[in-house]
């Protein structure tokens with residue numbers, strides 16, 4: 001991305017930017033696609049309340065901006081996934097979104113939501129269901145900013161996803177998984193790459209055909225051990 | 001015993017003359033008899049054998065061997081010392097060699113009219129005949145047999161106990177017992193010359209010991225030697241909790257009563273394996289050397305071989321050097337298979353679940369014919385959409401698809417490593433070659449060029465899995481191995497013996 005690291009590392013007090021709704025699951029009914037029946041909060045997701053979220057004991061990144069799901073054909077071959085990912089959202093040319101931003105995809109206006117996950121993984125089914133959004137034949141976008149205390153070379157992005165997914169680190173594609181699959185820790189691993197000191201932008205596109213959908217992500221060091229010294233933040237508005 | 005002596009001399013001469021034999025096992029000039037343990041120094045491999053002057057063979061890589069004269073050329077007087085000859089005789093047979101601190105101890109049999117024989121000692125600083133320090137000093141006789149006692153002091157085997165550094169020598173042949181004495185690690189001679197040797201086995205020869213996980217293993221050779229394809233030589237073993245025995249086989253029979261679990265018998269195109277030697281390459285990679293009395297692909301001469309040493313249920317197992325063929329390459333870490341990163345096509349083409357056997361036939365109607373077999377998927381059936389240039393490599397569940405089947409082919413004239421030539425690894429039915437890349441990763445290149453990053457070393461590990469290493473990684477001096485990072489990513493990384501990361505199952509697809 002062209003955004004300067006300095007801009008990215010300045011932290012955002014997410015709570016201050018959060019829209020009128022005070023809880024992740026309490027979205028205005030008018031914005032929901034499904035029946036306007038209130039649904040319980042996503043059980044595994046919370047609203048961020050701290051400036052930064054350290055990676056957990058196992059190194060997983062637990063703070064993300066998630067875009068409400070985009071309807072796609074739900075095909076999971078490499079060609080179909082790449083077509084879906086590139087159709088509406090040229091990721092490397094898109095400015096870093098902020099919590100509460102909206103994006104028009106076709107005739108549908110979709111919103112970005114900041115979440116912390118209570119688990120190692122981010123449960124996209126929980127996310128979409130709580131918003132009364134579809135969970136089948138959908139494309140999710142996820143973005144976060146990972147802050148490294150120093151330059152780290154020879155590291156790898158390690159992800160798992162249900163189902164297919166494509167991942168970028170600082171604008172360069174890092175890894176991808178295709179076909180129907182479960183989210184297994186370290187299922188897809190990038191080649192060796194370098195994390196800059198300070199902010200590093202991670203983007204992901206996850207395509208689900210049906211059923212459960214989630215993802216997990218962390219960085220591994222040169223010895224394949226999880227890096228635990230990173231923090232995840234969200235972009236400053 | 002006279003016949004035994006004549007047979008050994010004949011075999012040694014025949015082996016020396018058969019240098020241009022077809023190359024099947026080791027390459028170059030592997031003909032020899034009664035080899036010592038193969039030993040490495042400064043990247044070269046050395047082995048010594050029965051024959052006039054103790055013939056020596058050298059290899060730069062452990063695969064291609066050349067004859068390099070005899071040890072006795074570097075001994076003052078050019079023959080065993082006078083005391084050795086007096087205790088035994090003027091012959092020089094079946095040596096063994098070990099490095100202890102900054103010295104090499106080379107033990108050899110000097111038989112006279114058997115069972116009168118002696119084991120002599122030579123002491124040297126280097127194995128390299130081109131070194132200015134190269135020479136062997138006579139260390140005199142170490143053990144001997146007087147021709148009457150229940151011992152024939154030939155076939156020495158030297159063993160360093162890894163648990164405490166003590167040094168031991170076993171020796172003997174079919175006349176009487178295999179015997180054990182302790183050696184002085186500083187001199188190579190007996191530590192307690194007045195103590196009676198310990199009898200540890202009978203009815204065998206070519207003894208040597210190894211140790212692992214609290215057990216001592218005594219490996220010996222049973223059967224008859226020196227008769228070409230009519231030799232019944234076979235390697236057997238027992239184990240003990242103490243270095244002095246008792247060594248029991250897998251059925252609890254003491255080797256002093258003729259026990260011995262089979263380690264290696266005749267097989268493939270080789271008759272009469274004998275004279276086990278351990279070649280520990282480090283990182284948990286172990287090989288063993290032996291000779292075959294007859295290599296049928298080399299006219300039945302006696303040859304050296306080096307093979308993987310495996311372990312199972314507390315016993316050593318003779319592995320086989322990897323053979324050319326088509327394989328699935330499955331990660332022991334993840335259970336996923338190495339594949340060229342292209343969209344796979346289901347074997348037989350895409351189809352639905354099917355009728356689960358279909359409806360039952362109408363009453364009285366003939367049952368429908370069984371479904372036709374689906375042929376194996378070949379690259380030519382599905383490769384039209386494959387990229388023409390380089391492709392990425394990944395790991396995926398094995399689905400019997402063409403991009404997951406690898407032709408692994410032994411290469412002639414490309415060098416090798418102990419026991420084996422290098423291999424090329426290509427997508428079966430194509431020339432698309434697996435290669436190491438300058439960033440320490442992997443790619444499938446459009447064609448095999450023979451470059452070092454496309455030559456692969458495949459070592460079988462103790463548990464039967466394989467370590468797969470490129471001969472070289474561009475821009476790197478590190479020796480790296482094929483490694484699984486997560487479920488779907490193969491890479492190259494330094495080999496870690498205690499992990500499944502770099503262990504691979506090579507299966508017939």
Sole miss for residue B:460 among (1) within 26 Å of the chain's Cα centre (by Cα); (2) within 14 Å of another protein chain (Cβ to nearest Cβ) is condition (2)
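Which residues, counting only those in region B:487-500, are assigned to a loop (DSSP other than H, G, I, E, B) and at the interface with chain A (Cβ under 10 Å from one of its Cβ atoms)? Break it down into steps so the answer makes sense when it comes.
Within region B:487-500, the subset assigned to a loop (DSSP other than H, G, I, E, B) is B:487-488, B:494-500.
Hits for region B:487-500 are B:487, B:488, B:494, B:496, B:499.
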Selection from region B:39-62 of residues outside any strand (DSSP E or B) and closer than 11 Å to residue B:304 by Cβ yields B:49, B:62
Scanning region B:467-481 for residues that are within 14 Å of chain A (Cβ to nearest Cβ) and modelled with pLDDT of 95 or more gives B:473, B:480, B:481
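Show me the strands (runs of 3 or more DSSP E) found entirely inside region B:247-303 where at least 1 residues are surrounded by 22 or more Cβ atoms within 10 Å (Cβ to Cβ), outside the structural domain of residue B:495 (by TED's automatic domain parsing) and over 14 Å from the mean Cα position of the chain (by Cα).
Per the criteria, B:270-280, B:286-295.
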| query | Does region A:43-53 contain at least one residue that is more than 17 Å from the chain's Cα centre (by Cα) and at pLDDT below 90? | reply | no
With criteria (1) within 29 Å of residue A:57 (Cβ to Cβ); (2) out of contact with any helix residue (DSSP H, G or I) (no Cβ under 6 Å at 6 or more places or on another chain); (3) in a loop (DSSP other than H, G, I, E, B), residue A:99 comes up short on (2)
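Could you tell me which residue of region A:181-200 is farthest from the other protein chains (Cβ to nearest Cβ), considering only residues that are over 27 Å from residue A:52 (Cβ atoms) and crowded, with 16+ Cβ neighbours inside 10 Å? Walk me through how you get there before you give the answer.
At the first step, the residues of region A:181-200 found to be over 27 Å from residue A:52 (Cβ atoms) are A:181-182, A:184, A:191.
This time we only want the ones that are crowded, with 16+ Cβ neighbours inside 10 Å, so: A:181, A:184, A:191.
Numbers: A:181: 9, A:184: 6, A:191: 5 Å.
Selected residue: A:181.
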Checklist entry - Taking the condition within 14 Å of another protein chain (Cβ to nearest Cβ), surrounded by 19 or more Cβ atoms within 10 Å (Cβ to Cβ) and modelled with pLDDT of 95 or more, does residue B:418 pass? => result no
Looking across region A:148-178 at residues that are under 26 Å from residue B:333 (Cα atoms), surrounded by fewer than 17 Cβ atoms within 10 Å (Cβ to Cβ) and in contact (Cβ under 8 Å) with a residue 40 or more places away in the chain, the single one that is nearest to the other protein chains (Cβ to nearest Cβ) is A:154
Taking region B:194-230 and keeping residues in a loop (DSSP other than H, G, I, E, B), touching a strand residue (DSSP E or B) at 6+ places or on another chain (Cβ under 9 Å) and more than 18 Å from residue B:175 (Cα to Cα) leaves B:195, B:213, B:227
Only one of B:435, B:484, B:443 is away from chain A (no Cβ under 13 Å) and modelled with pLDDT of 95 or more, namely B:435
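The values are calculated or read from the model by the stated rules, or taken from the named source; none is laboratory data. Keep in mind that this is a model prediction, so the values were computed, not measured. Heads up, the Cβs are rebuilt from the backbone with ideal geometry, glycines too, and the neighbour counts pull from every protein chain shown.
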